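Sharing a structure with you now.
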Amino acid sequence: MKDMIEQYRVTDEPYYRAVADEVDLFEAAYAAKMPVMLKGPTGCGKTRFVEHMAWKLGKPLVTVACNEDMTASDIVGRFLLDADGTRWQDGPLTFAARHGAICYLDEVVEARQDTTVVIHPLTDNRRVLPLEKKGELLNAHPDFHLVISYNPGYQSLMKDLKQSTKQRFGALDFNYPEHATEVEIVAHESGVTPEDADKLVSIAERARNLKGHGLDEGISTRMLIHAGSLIAGGIAPVAACHMALVRPITDDPDMRDALDAAVGTYF
Ligand code: ADP
């Protein structure tokens, strides 16, 4: 088991360009054993930030991408049948709590509400996880830390975190970085020139203004890195932007025209 947890250790420093005081705040929350919620649109650096913090704090990181089919057993654990009979297998949350890892539940609101309730006893000062099927009350390792992400754009009345869940967390707001910072990130991650990265960011800024006017979500930093990687690999910028920035986010012909026009302004 000791070896298994070592696989989750982040050994090389993940590149993360801090945008405000989020690194200090996260470290303080970790020291205070305060669970953290990262709020912001998809592709703006939340996952990279957690990876960086796990590396900085020297703790293993267990990441779970949540989805609507996920049950409490998927994160807590279950009995499995094998040749010798039944054997308990810790789910990722239990595994992290037992061995002192940072557990990152990505898009936790996607999971069913009975799933989110299992994190409650872990997030108050009891820091316990009842494994009811196994008859064990697990005391979380002192190094265990819970982090969740939350995209405020996706929520509906039917699907949101309960207040009783939200109020257990400290929250950090994430957004697309300001222009010069985003240019730096896109150039660093994709290998595109700073001049082209600058144009890509300008296109994204235009597209982000269309959010709510026919676009559900703006062009993310992740998408800009995709476009930049294509350009760095020798693809013509206009073709790269169509493939990586325009086509993935909309099928509406008028919206595609509007975005193509934005691309045409810069390339
Ligand atoms: P999220 O978890 O918010 O959906 P990610 O963390 O996966 O988004 O970010 C997408 C990509 O954008 C990352 O892989 C990384 O290359 C880049 N990125 C975004 N913000 C930053 C940042 N502040 N520093 C370094 N890289 C970043």
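Determine the alpha carbon to alpha carbon distance for each of Lys39/Lys162; Lys134/Lys162; Lys33/Lys59; Lys39/Lys133; Lys56/Lys134 and list only those over 25 Å.
Correct reply: Lys134/Lys162; Lys39/Lys133; Lys56/Lys134.
So if I take the centroid of the Cα atoms in the range 59-118 and the same for the range 239-267, what is the distance between those two points in Å?
39
Then there's this: On alpha carbon coordinates alone, what is the Rg over Rh value for the range 110-267, Rh being the Kirkwood radius?
Rg divided by Rh gives 1.13.
Divide the volume of the convex hull of the Cα atoms of the chain by its number of residues and quote the answer in cubic angstrom per residue.
156
Let me make sure I get this right: for the range 74-203, a, b and c are the square roots of the gyration tensor eigenvalues over alpha carbons, sorted descending. Under 1.5 in a/c it's rounded, otherwise prolate if a/b > b/c, else oblate. Which is it?
It comes out prolate by the Cα gyration axes.
Here is a follow-up. Give the share of C-alpha pairs in each 10 angstrom bin for the range 17-58, from 0 to the last occupied bin, in whole percents, shortest bins first.
26, 62, 11
Every number in this text was worked out from the coordinates using simple rules, so none of it is lab data. For clarity, every value in this text was computed on a predicted model and none was experimentally measured.
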